[in-house]
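Input: a single structure, listed below in structure tokens.
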Amino acid sequence: MSFHECGGNVGDDVCIPLPNWVAEIGRSNPDIFFTDREGRHNPECLSWGIDKERVLRGRTAIEVHPAVAVRLYLIISQCMLDTQKLFCHSLHMNVCFCNNH
């Protein structure tokens, strides 16, 4: 997991932008993005400088990252459980093969 945009370049088959709420913060505070020597901001990638600055709704990037990871884990876990239930139901099985009963 990272806090940079993925895709959008020549030959890329996927495009995963920064979360909308992060992009909104960046529009009003472009200093959250990496900045080159000429002072140009790169809106595809967050600066390491915000690792310790509370600019993401009162949290640092370090504080936000685990929260995003946990949320993603919960979403994927639920999808896997739903997929498993659908699979078991489609096979008319009464027993599913996982620790979640």
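Quick look at the numbers
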{"quantity": "Cα-projected label distance for residue 63 with residue 21, points at 7 Å along beta-carbon direction, nm", "calculated": "1.3 nm"}
{"quantity": "Approximate spin-label separation residue 28-residue 6, in nm, with each point projected 7 Å along Cα-to-Cβ", "calculated": "2.9 nm"}
{"quantity": "Trypsin sites (Lys or Arg not before Pro) lying in DSSP loop within region 1-44, provided at most 16 other Cβ fall within 10 Å", "calculated": "37, 40"}
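Taken together, the values in this text are just the output of simple stated rules run on the coordinates, not laboratory data. Source: prediction; values computed, not measured. Cβ atoms come from the backbone with ideal geometry, glycine included; neighbour counts cover every protein chain shown.
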